[in-house]
1. Being among the aliphatic types (A, V, I, L, M), touching a residue at least 60 places away in the same chain (Cβ under 8 Å) and assigned to a loop (DSSP other than H, G, I, E, B), is that true of even one residue in the stretch 293-303?
2. Would you point out which residue out of Y56, Y40 is in contact (Cβ under 8 Å) with a residue 24 or more places away in the chain, of a type outside the set (V, I, T), in contact with a Leu (Cβ under 9 Å, 6 or more places away or on another chain) and farther than 18 Å from N104 by Cβ?
3. Quick one: would you say V35 is closer than 15 Å to T10 by Cβ, among the aliphatic types (A, V, I, L, M) and in contact with a Ser or Thr (Cβ under 8 Å, 6 or more places away or on another chain)?
4. What pairs come out if I take residues in the stretch 95-124 that are over 17 Å from V184 (Cβ atoms) and in contact (Cβ under 8 Å) with a residue 12 or more places away in the chain and pair them with residues that are in a helix (DSSP H, G or I) and not β-branched (V, I, T) whose C-beta lies under 6 Å away, six or more apart or interchain?
5. Within the stretch 271-287, is even one residue on the phi < 0 side of the Ramachandran plot, small (G, A, S) and within 23 Å of the chain's Cα centre (by Cα)?
6. Hey, any hits in the stretch 322-338 for a residue that's at pLDDT 95 or above, touching an Asp or Glu at 6+ places or on another chain (Cβ under 8 Å) and either of a type in the set (A, V, I, L, M, F, W, C) or outside any strand (DSSP E or B) (or both)?
7. Based on what the data block shows, is A175 more than 24 Å from G342 (Cα to Cα) and more than 18 Å from the chain's Cα centre (by Cα)?
Amino acid sequence: MSGFSHFLVTGGAGFIGSAVCRHLVEDLGAAVTIVDKLTYAGNLASLRSIAGSQRYRFIRADICDAGAMAAAFDAAQPDAVIHLAAESHVDRSITGSRAFVETNVLGTYEILEASRRYWSGLPKARAEAFRILHVSTDEVFGSLGADGRFSETTRYDPSSPYAASKAASDHLARAWHRTYGLPVIVSNCSNNYGPFHFPEKLIPLVILNALAGQPLPVYGDGSNIRDWLFVTDHARALHRIVTSGRPGETYNVGGGNERTNRTVVETICRALDEITPDRAPHERLITFVADRPGHDHRYAIDATRLETELGWRAEETFETGIVKTVRWYLDNEWWWRPLRDGVYGGERLGLAPEPGHRPAARRAVPAGG
């Protein structure tokens, strides 16, 4: 573990966070303290495989609570922090932007300050080794044209409230490094997919709608392009970055799998046709719907720095990852059924509200799933 034996992971009950925690505990034998508020997208069922481990500890707390964050650091005594806690769904940011500013901007500020207080009190050797990884998104860069890819030096140009809140948090992380010397590293990733993905996102939504025989919604004409990254590949990348990356630097994480949204949905349909042929063809369920406001046309990540400097490579192609993902949802109804029935049933999100609209309070996921 190269001196990194205990990690504090914010948002560890979320999609990417739980993948990171499972990787750290199950594959690497590290100890993990998870801090998570358990909003609608936080789910302790995603951590079931490590819940009985002595190397696992869970703290339910809001990252915007300065006192709770100070207490969490004191209790965990981490060697490194992986900061993943965030509001993450673009559609929800269109109708409820305040939560994104509070969690992604103010919450990141509190994590940076808690890290700085903790780090400044460490013995010299531990302070020199300590790292904090702030995990961000390629959406901060805005939209690409037909050519080129986002690099670590691409100018920020966020389009959605979600992207703007993440851009602000990235700037805070870099400022805390430059001003205070806090050993912060920033990563920006492409679209993740895989097991334990909350069903509001495109790939799990399409899989579950298809299983239910419901329409498969595709925004606009389906030509928007994303670079897809299998979540376990991302988990490996984040461990590599926080343990081997250089403070003050940024590393892009991408799967090298550019696909149009329409192609993504068609690929899922073909996988389902092969696995559940009695329901084929699933493409008959594809339905084109009104586009998302401010929908960026294309994202693509250049992960050359991560690959050449730190030796990381994505192991899954989009085709292999989609088959694994589809099979996982078919085999794990115990995980997604409570979410589908009690938290999010597949309804359309992200239609622009009237000025002054106040969204209703969101439901939390029950602690057990």
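1. The answer is yes; a qualifying residue exists.
2. Result of the check over Y56, Y40: Y56.
3. It is true that V35 is closer than 15 Å to T10 by Cβ, among the aliphatic types (A, V, I, L, M) and in contact with a Ser or Thr (Cβ under 8 Å, 6 or more places away or on another chain).
4. Close Cβ pairs (under 6 Å, with a partner that is in a helix (DSSP H, G or I) and not β-branched (V, I, T)) amount to S97/P161; F100/S93; F100/P161; F100/Y162; F100/S165; V101/S165.
5. No, there is no match, as no residue in the stretch 271-287 is on the phi < 0 side of the Ramachandran plot, small (G, A, S) and within 23 Å of the chain's Cα centre (by Cα).
6. There is at least one residue in the stretch 322-338 that is at pLDDT 95 or above, touching an Asp or Glu at 6+ places or on another chain (Cβ under 8 Å) and either of a type in the set (A, V, I, L, M, F, W, C) or outside any strand (DSSP E or B) (or both).
7. yes
Residue by residue, here is whether (1) outside any loop (DSSP other than H, G, I, E, B); (2) farther than 21 Å from S190 by Cβ holds:
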position	(1), (2)
F4	no, yes
R22	yes, no
E26	yes, yes
G29	no, yes
V35	yes, yes
G42	no, yes
S53	no, yes
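The values are calculated or read from the model by the stated rules, or taken from the named source; none is laboratory data. All figures in this text were calculated on a predicted structure; none of them were measured in a lab. Note that we place each Cβ from the backbone using ideal geometry, even for glycine, and neighbour counts take in every protein chain shown.
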